[in-house]
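Heads up: the structure comes next, in C-alpha cells.
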Amino acid sequence: MYNTFNEILLKIAEYDNIIILRHQNPDPDAIGSQCGLREILRANFPEKQICSLGYDEPTLAYLTKMDEFSGDVSDALIIVCDTANRPRIDGKFWSNADCVIKIDHHPNDDSYGDLIYVDDSASSVSEIITDFALKTNLEIPAEAARLLYAGIIGDTGRFLYPSTSPKTLSLAAKLAEKDFDRALLGRMMTSFDMKVARLQGYVYENLVISANGAACVTLTQELLKSMNLKDSETAGIVGVPGNIRDIKSWAVFVEQPDGHYRVRMRSKTIPINEIARRHDGGGHKLASGANAYSYQELEEIWQELQEVVK
Ligand code: AMP
C-alpha cells in the first residue's frame with residue numbers, strides 16, 4: 001500500500017533540510033522531476049533549505065544545475081525521484097538520512113524508503129510531481145513548470161509513446177499555462193551535435209535486423225572514441241532504430257571503459273523488461289536497461305530479444 005500525496009506533504013513540512021536525488025545517468029525526467037520538485041518546494045517553503053544533488057550531466061546543462069549541501073544528512077529528509085532500485089540512486093549517502101521518500105513510475109521491484117509513492121501507469125515522474133503539486137495546492141513557479149514539462153516530453157517521446165495518457169496531456173497543459181519558452185525548450189531537447197548525427201548514420205548503416213523485427217547495434221569504445229562521443233551522448237540515438245517501420249524491439253549495446261556493455265533496450269509494443277531483469281537491469285516494459293558482462297552475454301540478450309518478437 002503506497003502513501004498518499006497528503007502524507008508526503010506532511011512529511012515535507014516536518015523537515016528544515018530536504019535533499020532531492022534521482023538516478024545515475026540522468027535523463028530529462030530524472031532531472032526534471034528532481035529539480036521541478038526543488039523549485040516547487042523552494043517557492044512554497046522559503047524557510048527550508050532544499051537542494052538537488054548529483055552529477056551535472058553536461059548534455060542536459062540547459063535544464064538546470066545541481067546544488068551543494070552543507071548540512072547534516074542525518075537530520076535531513078531525502079526524496080528520491082525516478083529511481084526504481086537502491087544501487088541506481090545517485091548519492092550513496094542517501095541511506096544516512098533521517099527519512100527517505102521514494103517517488104517513482106517504474107515497477108516497484110525494490111521497495112526502499114519510509115514513504116513510497118509509485119504509479120507505474122504514469123508517463124513520467126515529472127507527471128507525478130505535477131499531479132502532487134496540483135492536488136496539494138502547492139504553487140508551481142514557471143521554472144518548475146519548465147523542468148517538469150521537459151521531463152514529460154522526454155519520457156513520452158514528445159507525447160508519442162503509449163504511456164502518454166489523457167491525464168499526461170491535461171497535466172502538461174497545466175504546465176504550459178506557465179510563463180516559459182516551450183519552443184526554445186523543445187529545440188534544446190530535439191537538436192543535437194553533428195557528431196551525434198554522424199552516430200545516427202552509423203546506427204542506420206550497421207543495424208543488425210532479424211527476420212521477425214528485432215534489431216541491435218553495438219557501439220564499441222573504439223568507435224565512440226573515434227567519433228569523440230561520450231556514453232551519455234548515445235541517448236541521442238537510442239530511439240533511432242524505432243523509426244524503421246518493420247523494427248519492433250531493439251537493443252543498443254554500448255561498450256564501457258571496463259569492457260562490459262551497457263544495454264539500452266526499447267520496444268514499440270512487446271514488453272522487454274523481463275530480459276533486462278535477467279541481465280542485471282530493469283526498467284519499463286517498453287524502455288529498459290541492462291548490463292552484459294561478456295560478449296557471450298551480449299549474444300544471449302540478442303537471442304532473447306529475437307525470441308520475444310516471434
Ligand atoms: P536507458 O536506456 O539508460 O535510458 O534506460 C531505460 C530505462 O531503463 C530507464 O527507465 C531506466 O531507469 C531503466 N534502467 C536502465 N538501466 C537500468 C539498470 N541497470 N537497472 C534497472 N533499470 C535500468
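The values are calculated or read from the model by the stated rules, or taken from the named source; none is laboratory data. What you see is a predicted model; the values in this text were computed from it and never measured. All Cβ positions, even for glycine, are placed from backbone atoms using ideal geometry, and neighbour counts span all protein chains on display.
A compact table of results
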{"read-out": "Number of the exception - residue 152 against (1) within 20 Å of residue 308 (Cα to Cα); (2) touching a residue at least 60 places away in the same chain (Cβ under 8 Å); (3) of a type in the set (Val, Ile, Thr)", "value": "(1)"}
{"read-out": "Filter result (assigned to a strand (DSSP E or B) and either loosely packed, with under 15 Cβ neighbours inside 10 Å or of a type in the set (A, V, I, L, M, F, W, C) (or both)) within region 116-125", "value": "116, 118"}
{"read-out": "Condition check for residue 69: within 23 Å of residue 170 (Cβ to Cβ), in contact (Cβ under 8 Å) with a residue 12 or more places away in the chain and away from the ligand (no atom under 14 Å from the Cβ)", "value": "no"}
{"read-out": "Members of region 104-128 found to be over 16 Å from residue 169 (Cβ atoms) and of a type in the set (Val, Ile, Thr), listed by number", "value": "116, 118, 125"}
{"read-out": "Among the candidates 143, 139, residue that is out of contact with any strand residue (DSSP E or B) (no Cβ under 9 Å at 6 or more places or on another chain), of a type in the set (D, E, K, R), touching a residue at least 12 places away in the same chain (Cβ under 8 Å) and outside any helix (DSSP H, G or I)", "value": "139"}
{"read-out": "Residue in region 289-297 that is polar (S, T, N, Q), in contact (Cβ under 8 Å) with a residue 60 or more places away in the chain and farther than 24 Å from residue 164 by Cα present", "value": "no"}
{"read-out": "In region 263-287, residue nearest to the ligand (Cβ to nearest atom) [restricted to those that are without any contact (Cβ under 8 Å) to a residue 60 or more places away in the chain, over 15 Å from residue 162 (Cα atoms) and assigned to a strand (DSSP E or B)]", "value": "264"}
{"read-out": "Verdict on residue 97 being assigned by TED's automatic domain parsing to the domain that holds residue 16 and within 21 Å of residue 178 (Cα to Cα)", "value": "no"}
{"read-out": "Sole exception among (1) under 13 Å from residue 306 (Cα atoms); (2) polar (S, T, N, Q); (3) within 12 Å of the ligand (Cβ to nearest atom) for residue 249, by number", "value": "(3)"}
{"read-out": "Those residues of region 72-84 which are modelled with pLDDT under 95 and within 12 Å of the ligand (Cβ to nearest atom), in sequence order", "value": "none"}
{"read-out": "Pair list, Cβ under 6 Å, 6 or more apart: region 8-27 residue in contact (Cβ under 8 Å) with a residue 12 or more places away in the chain and away from the ligand (no atom under 16 Å from the Cβ), other residue part of a loop (DSSP other than H, G, I, E, B) and hydroxyl-bearing (Ser, Thr, Tyr)", "value": "9/136"}
{"read-out": "Enumeration of residues in region 282-294 that are within 20 Å of residue 221 (Cβ to Cβ) and either small (Gly, Ala, Ser) or at pLDDT below 95 (or both)", "value": "289, 290, 292, 294"}
{"read-out": "When residues of region 65-98 are limited to those that are hydroxyl-bearing (Ser, Thr, Tyr) and out of contact with any Asp or Glu (no Cβ under 8 Å at 6 or more places or on another chain), the one nearest to residue 115 (Cα to Cα)", "value": "95"}
{"read-out": "Residue among 109, 119, 155, 90 that is within 15 Å of residue 4 (Cα to Cα) and within 16 Å of the ligand (Cβ to nearest atom)", "value": "119"}
{"read-out": "Tabulated pairs, region 46-57, first touching a residue at least 12 places away in the same chain (Cβ under 8 Å) and among the acidic types (Asp, Glu), second assigned to a loop (DSSP other than H, G, I, E, B) and surrounded by fewer than 19 Cβ atoms within 10 Å (Cβ to Cβ), C-beta under 9 angstrom, 6+ apart or interchain", "value": "47/16; 57/25"}
{"read-out": "Subset of region 214-239 [more than 13 Å from the ligand (Cβ to nearest atom), in a helix (DSSP H, G or I) and either on the phi > 0 side of the Ramachandran plot or of a type outside the set (Gly, Ala, Ser) (or both)]", "value": "221, 222, 223, 224, 225"}
